[in-house]
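Have a look at the structure below before the remarks.
The values are calculated or read from the model by the stated rules, or taken from the named source; none is laboratory data. The model shown is predicted, which means the values in this text are computed figures rather than measured ones. With ideal geometry, Cβ positions are generated from the backbone for all residues, glycine too; neighbour counts draw on all protein chains shown. Remember, those area values only see protein heavy atoms, side chains included, never the ligands or the DNA or RNA. Shrake-Rupley method; radii C 1.70, N 1.55, O 1.52, S 1.80 Å.
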Amino acid sequence: MRVFSKLLLIVFALPLVWSCETLDEPRLITQTGAMITDAPSNLVLTREEADDFIVFNVSSVDFGVSVSEVTYTIQIDAAGNNFAAPVAVGSSPTTTVEVNIDELNRRAVAKGLEAEVAGNIEFRVSATTTRAGLPTVNGDAVTISITPYSTEVELPFLRVPGDYQGWNPGNDNTIIYSESSDDVYEGFVHILSGSGEFKFITGPAWGDFPDFGVGATAGMLSEGGGNLKIEDGFGTYKVKVNKETLTYEKERVGIWGIIGDATPGGWDTETPMTFDRDENILKITIDLVPGAFKFRTQTWDMNYGMSSEEGVAGFNNDGADIPIAEAGNYTITFDLKTPWEIRYSVTKN
């Protein structure tokens, strides 16, 4: 019996030893990120060179295996942010990447730099490949001092006083801009209460500047004409005025609200926002739960979310859900004063 027990132990032990000897060791792949090889220590950007490009040469990425196609992208972020919110400023399929000066200036200002003041921005190279299964490889960061130029441009504007804002032509916020500096003005007007009447005026005081109202036919304006009026109910309207031809258009967008699983109505029903007539913004103070939300007007045909640029809203599919990490009371604003750069803010109270 003793001999049998020993043999039995040997028989059962042998497969275990054989299994360990045939186990494959995982192969380690060493990857090396691309680096900017000729990084300047200081960049002073100017509006006169806005259409020009800065050329960055970068080293080749090593994915640890052979790849045929690589895209090199220059990313930036605020100094000390550890690339928690990187934004791309230029990409190339080669190790020479061109970065447009106006794009870099705009992104640097969005990251907190002040116009005409030198400040630090971190740069890195992010490399991707079309070969399946290989992750993005990011290179080490380099810090560059950037002096941006002012992005503020004095555009012509037309004032839009009305019952919705107290008939105050001196309100410098209830205005629409001529983005091309011609006689065509366009923007949003939030008429959420009152009689729905409004006019256009070129200056901040009645009687001192020409004002424009109802013309001879629909869509026409006349100097000193009667009050214009919305016909399709309260809401945000997109208006367009051609001061040369004295014509205007208006289109109801809807009543803006917030919608999402962070809000009381979930993803099915908007919670309407209110109008701050002094600032010409929509706002809401509300209790939210962890989740996300977007801005919407009763239909997904027009909605805004989060873009890659902090505080700037992304339209429809370009706008991601705006996250709410903690439950609490929040004040949210939605600013449509400049249609080409709609902004928002989320503040925990």
Study note, to complete from the structure: Only helices counted: for the chain, with every DSSP H run of 4 or more residues adding -39500 (n - 2.57) and the sum spread over all residues, [θ] at 222 nm is -3000 deg cm²/dmol
Practice item. Treat each spin label as a single point 7 Å out from the Cα along the C-beta direction, and report the LYS229 to LYS283 distance in nm. Key: 3.1
Revision key, fill the gap. Given the candidates LEU158, PHE198, ILE342, the one whose Cα lies deepest towards the positive end of the charge dipole of the chain, counting +1 at each Lys or Arg C-beta and -1 at each Asp or Glu C-beta, is ILE342
Practice item. Could you go through region 333-338 in sequence order and give the Karplus-derived ³J(HN,Hα) for each residue, using 6.51 cos²θ - 1.76 cosθ + 1.60 with θ = phi - 60°, rounded to whole Hz, and x for Gly and Pro? Key: 10, 9, 10, 10, 4, 10
Revision key, fill the gap. With the 1.4 Å probe rolled over protein heavy atoms, the chain has an accessible area per residue in Å² of 54
Practice item. Would you please give the FRET efficiency between TRP300 and GLU251, computed as 1/(1 + (r/R0)^6) with r the Cβ-Cβ distance and R0 = 25 Å, to the nearest 0.05? Key: 0.90
Revision key, fill the gap. For the chain, the accessible surface attributable to carbon and sulfur atoms (probe 1.4 angstrom, ligands and nucleic acids excluded) amounts in percent to 51
Check your understanding: Can you pull the Kirkwood radius for region 72-146, inverse mean 1/r over Cα pairs, to one decimal in Å?
Key -> 13.0
Practice item. Report the charge-dipole magnitude of region 124-277 in Debye, nearest 20, computed about the Cα centre from +1 at each Lys and Arg Cβ and -1 at each Asp and Glu Cβ. Key: 340
**Study point:** Isotropic mean projected area of the C-alpha convex hull, region 105-158 (nm²)
**Key:** 6.5
Review point. Where the centroid of each part is defined by its Cα atoms, how far is region 263-287 from region 291-316 in Å?
Key: 13
**Study point:** 10 Å beta-carbon shell around LYS283, net charge (K/R +1, D/E -1)
**Key:** -3
Study note, to complete from the structure: Per the rule of 0.36 nm per residue minus the C-alpha distance, extending ASP183 to SER91 adds in nm 29.4 nm
Review point. Rg/Rh for region 161-255: what does it come to with C-alpha atoms and Rh from Kirkwood?
Key: 0.92
Check your understanding: region 207-281: D in µm²/s via Stokes-Einstein (Kirkwood Rh, Cα pairs, 10 °C, 1.306 mPa s)?
Key -> 106
Review point. Local charge sum around ALA78 (other residues, Cβ-Cβ under 10 Å, Lys/Arg +1, Asp/Glu -1)?
Key: -2
Check your understanding: Measuring from label point to label point, each 7 Å out along Cα→Cβ, what is the THR331 to THR32 span in nm?
Key -> 5.3
Check your understanding: Across bins of 10 angstrom width beginning at 0, how are the C-alpha pair distances of the chain distributed, in whole percent?
Key -> 5, 18, 20, 20, 16, 8, 5, 3, 2, 1, 1, 0
Exercise for review: Between PHE83 and GLU49, with labels modelled 7 Å along Cα→Cβ, what's the label distance in nm to one decimal, could you check?
Suggested key: 2.6
Exercise for review: For helix 2-22, report the angle its Cα long axis makes with the longest principal axis of the Cα atoms of the chain; keep it between 0 and 90° and round to the nearest 10°.
Suggested key: 40
Review point. Can you give the % of DSSP beta bridges in the chain that are antiparallel, to the nearest 5?
Key: 95
**Study point:** Rounded D (µm²/s) - region 237-290, Kirkwood Rh over Cα pairs, Stokes-Einstein at 25 °C, 0.890 mPa s
**Key:** 181
Check your understanding: Between the helical axis of 101-110 and the dominant principal axis of the chain, each derived from Cα atoms, what acute angle in degrees is found, rounded to the nearest 10?
Key -> 90
Review point. So what's the net charge close to THR263: Lys and Arg +1, Asp and Glu -1, counting the other residues with Cβ under 13 Å from its Cβ?
Key: -3
Practice item. Just subtract the alpha-carbon distance of ALA39 and ARG131 from 0.36 nm times their residue separation and send over the number in nm, one decimal. Key: 30.2 nm
Review point. Kirkwood hydrodynamic radius of region 137-203 from all distinct Cα pairs, in Å?
Key: 14.9
Review point. Say R0 is 41 Å: what FRET efficiency, to the nearest 0.05, do SER150 and ASN316 get from their beta-carbon distance?
Key: 0.85
